[in-house]
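Heads up, the thing below is written out as structure tokens.
The values are calculated or read from the model by the stated rules, or taken from the named source; none is laboratory data. Bear in mind that the values here come from a model prediction, so they are computed numbers and not experimental data. Backbone-built Cβ (ideal geometry, glycine too); neighbour counts: all protein chains shown.
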Amino acid sequence: MSRLLITGGSSYLGQHLVAQARRHPGVERALCYTYYNNDPLRGPEGRRLDVRNGEAVRRLIDAFRPDVIVHTAGSNRPAETMDAVIRQGAEHVTEAASRHAARLIHISTDVIFDGRHAPYREEDRPQPLHAYGRAKAAAEGIVAGYAQHVIVRTSLLYGLEKMDRGTEWVVQAIRRGEPVTLFTDQFRNPILVTALAAALLELAEHTYTGILHVAGAQRVSRADYTLRLLRWWGVEPGKHVTLGPSDGDRWPLDTTLDISRAQALLKTPLPGIDALLPSIMPIS
Ligand SMILES: NC(=O)c1ccc[n+]([C@@H]2O[C@H](COP(=O)([O-])OP(=O)(O)OC[C@H]3O[C@@H](n4cnc5c(N)ncnc54)[C@H](OP(=O)(O)O)[C@@H]3O)[C@@H](O)[C@H]2O)c1
């Protein structure tokens, strides 16, 4: 790989991806990452970019001339700008990528599915239930119009060195003494963030195009997942944490991804959570 651009280098995923890319043979001198509000990495390769600004996206990509773009910017945060960042970002990055015939790896999510027909394969039709899922599904549609694309759908991201944002939210609520319900009826296949970063760098040098499900090898409930992580981080759930079902139809219940295609295609191992964090729940 010669020239790699990572959008959202300041994201939870982006920070791990940039760290690995810096050590990746051939990339160390041809790496650029973008941030918007914060640059926790403070690297010489960092550039501020608002992906909603098409002219700015074009200028940056024309100047850097990437061979590969990994577009991670566009999560469910912040809520106020989420929709525009995801949709316009995908549009602007895809348009600029096509001007340079760059390979475009776009990060998507399992919550484009309705959660009623798991496990989901790459061919399954997105049926999002909420605004974030709808925006990410729309972004996929934009990216899919460009031949040199890979749409990577993934699941909950967690790390063993840096706490993920979801767990951080639960820990803060526990510390404030607020009640938290950990859902026993929502199932995902979480992935170690460093494994996803490694898979993305492998894909950057691959010839595969199309959709690819890259997640952990094991289905687990949100409750089981969060309890494992709380124990890993040494946080006692205490009396404010309860286990129970989620509230109605607002969230997809089971968005487990079938990852058999990624397992066949990639050398990068995609371990399940049991391999990394033992369960403390009697039933999952
Ligand atoms: N986290 C998960 O569990 C999960 C699960 C499935 C899929 N994903 C996907 O993985 C990717 C990374 O998620 P994440 O949770 O790691 O992200 P995150 O930590 O929430 O970070 C969001 C990123 O978007 C950037 N951003 C916000 N507004 C922007 C704008 N106007 N222009 C450019 N960049 C902007 C932020 O930059 P600043 O911080 O500098 O403002 C930050 O880099 C996303 O595509 C997400 O959909 C995540």
What residue, among those in the range 123-174 that are among the polar types (S, T, N, Q) and assigned to a helix (DSSP H, G or I), is nearest to the ligand (Cβ to nearest atom)? Thr167
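Looking at Glu161, Glu178, Glu168, Glu140, which is the one that is among the acidic types (Asp, Glu) and in contact with a Ser or Thr (Cβ under 6 Å, 6 or more places away or on another chain)?
Answer to the check: Glu140.
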Tell me which of these Ala56 doesn't satisfy, since it passes every other one: (1) away from the ligand (no atom under 11 Å from the Cβ); (2) small (Gly, Ala, Ser); (3) over 23 Å from Leu157 (Cα atoms). (1)
When restricted to Gln218, Gln172, Gln186, the only residue more than 27 Å from Tyr146 (Cβ to Cβ) and in contact with a Lys or Arg (Cβ under 9 Å, 6 or more places away or on another chain) is Gln186
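In the list Leu227, Leu203, Leu277, which residue meets the criterion of being touching a helix residue (DSSP H, G or I) at 6+ places or on another chain (Cβ under 8 Å) and either part of a strand (DSSP E or B) or in contact (Cβ under 8 Å) with a residue 12 or more places away in the chain (or both)? Walk me through how you get there before you give the answer.
Values: Leu227 fails: touching a helix residue (DSSP H, G or I) at 6+ places or on another chain (Cβ under 8 Å); Leu203 fails: touching a helix residue (DSSP H, G or I) at 6+ places or on another chain (Cβ under 8 Å).
When all the criteria are applied, what remains is Leu277.
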State whether the residues of the range 232-246 include one that is part of a helix (DSSP H, G or I), in contact (Cβ under 8 Å) with a residue 24 or more places away in the chain and more than 23 Å from Tyr132 (Cβ to Cβ). yes
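Do we have Val214 as under 29 Å from Glu140 (Cα atoms) and either more than 16 Å from the chain's Cα centre (by Cα) or modelled with pLDDT of 95 or more (or both) here? Lay out the reasoning, then the answer.
On the way: under 29 Å from Glu140 (Cα atoms): yes; either more than 16 Å from the chain's Cα centre (by Cα) or modelled with pLDDT of 95 or more (or both): yes.
So Val214 fits the description; yes.
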Residues located in the range 62-103, provided they are more than 13 Å from the ligand (Cβ to nearest atom), assigned to a helix (DSSP H, G or I) and within 22 Å of Glu205 (Cβ to Cβ): Phe64, Thr94, Ala96, Ala97, Ser98, Arg99
Could you say whether any residue in the range 130-153 is under 16 Å from the mean Cα position of the chain (by Cα), buried (at least 16 other Cβ atoms within 10 Å of the Cβ), modelled with pLDDT of 95 or more and among the aromatic types (Phe, Trp, Tyr)? yes
By residue number, the members of the range 107-122 that are aromatic (Phe, Trp, Tyr) and either in a loop (DSSP other than H, G, I, E, B) or under 16 Å from the mean Cα position of the chain (by Cα) (or both) are Phe113
Which residue pairs have Cβ atoms closer than 8 Å, lie 6 or more positions apart in sequence or on different chains, and pair a first residue in the range 55-69 that is under 16 Å from Gly89 (Cα atoms) with a second residue that is in a helix (DSSP H, G or I) and among the β-branched types (Val, Ile, Thr)? Val57/Val93; Ile61/Val93; Ile69/Ile61; Ile69/Val93
Output for the range 7-49, where each listed residue is within 17 Å of Val152 (Cβ to Cβ) and near the ligand (Cβ under 6 Å from one of its atoms): Gly8, Ser11, Tyr12, Leu13, Gly14
Answer yes if at least one residue in the range 240-251 is under 30 Å from Glu122 (Cα atoms), under 20 Å from the mean Cα position of the chain (by Cα) and surrounded by 12 or more Cβ atoms within 10 Å (Cβ to Cβ), and no otherwise. yes
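Can you give me the number of residues within the range 15-47 that are part of a loop (DSSP other than H, G, I, E, B) and out of contact with any strand residue (DSSP E or B) (no Cβ under 6 Å at 6 or more places or on another chain)? Talk me through it step by step, then tell me what you get.
First pass over the range 15-47, keeping only residues part of a loop (DSSP other than H, G, I, E, B): 24-30, 36-45.
After this cut, where a residue has to be out of contact with any strand residue (DSSP E or B) (no Cβ under 6 Å at 6 or more places or on another chain) as well, the list is 24-26, 28-30, 36-38, 40-44.
Adding up the residues that qualify gives 14.
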